[in-house]
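The values are calculated or read from the model by the stated rules, or taken from the named source; none is laboratory data. All values reported here derive from a predicted model rather than from experimental measurement. Methodologically, a virtual Cβ is constructed for each residue, glycine included, from the backbone with ideal geometry; neighbour enumeration extends over all protein chains shown.
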Amino acid sequence: MFYKIGEVSRITGLEPYVLRYWETEFPQINPRKGRGGQREYRREDLDTILAIQAMLRQEGYTISGARRRLRQEGMRAVPPEGAETAADAPPAPAGEVVPGAVMAGVEPAPVDELVQKTRKGLQELLQLMENTDSLRANRFRIGA
């Protein structure tokens with residue numbers, strides 16, 4: 001059974017561009033190209049993607065760290081504890097999301113929270129800088 005990139009995207013919750021990027025970073029993800037050059041992922045590819053996703057989002061690995069761990073584990077992906085594997089999922093019908101095929105218990109990663117806090121802090125800093133520039137401009141007009 002093969003999955004198209006859109007099906008893998010829906011099952012994993014990852015955007016297709018992320019899947020294509022991961023193919024360049026992880027040699028374990030190697031979908032074959034079908035007619036017309038469309039990617040066809042095997043169940044093993046899907047298991048690998050789910051394991052990488054868990055390493056990056058749940059376990060806090062960097063891409064290079066996840067790549068190193070996969071290499072140390074003999075070029076195989078080991079799905080995280082509690083995660084469903086692609087073998088547990090029913091075949092993905094074209095154009096449909098397979099209920100229950102995504103990892104169970106996945107919550108927003110702490111990294112996502114950190115990014116949100118950083119973004120908010122930077123926006124506040126930018127606002128302060130704009131206010132300061134405004135005050136300087138008004139001070140020079142008043143003093144002129």
For the structure I just gave you, tell me whether GLY100 is touching an Asp or Glu at 6+ places or on another chain (Cβ under 8 Å), modelled with pLDDT under 90, assigned to a loop (DSSP other than H, G, I, E, B) and exposed (fewer than 14 other Cβ atoms within 10 Å of the Cβ). yes
The listed residue being touching a Gly at 6+ places or on another chain (Cβ under 9 Å) and of a type outside the set (Ser, Thr, Tyr), out of GLN53, GLN38: GLN53
Only unsatisfied item for LEU50, checking (1) modelled with pLDDT of 85 or more; (2) exposed (fewer than 11 other Cβ atoms within 10 Å of the Cβ); (3) not basic (Lys, Arg), is (2)
What are the residue pairs meeting all of these: first residue in the range 37-55, first residue of a type outside the set (S, T, N, Q), second residue part of a strand (DSSP E or B) and surrounded by 24 or more Cβ atoms within 10 Å (Cβ to Cβ), Cβ atoms under 9 Å, and 6 or more apart or on different chains? ARG39/TYR3; GLU40/TYR3; TYR41/TYR3; ARG42/TYR3; ARG43/TYR3; ASP45/TYR3; LEU46/TYR3; ILE49/TYR41
Tell me which residues, restricted to the range 14-47, are within 12 Å of the chain's Cα centre (by Cα), of a type outside the set (A, V, I, L, M) and either closer than 17 Å to GLU73 by Cα or surrounded by 13 or more Cβ atoms within 10 Å (Cβ to Cβ) (or both). PRO16, ARG20, TYR21, TRP22
Filter the range 53-83 down to the residues that are closer than 16 Å to GLY13 by Cα and of a type in the set (Gly, Ala, Ser), then identify the one that is modelled with the highest pLDDT. ALA54
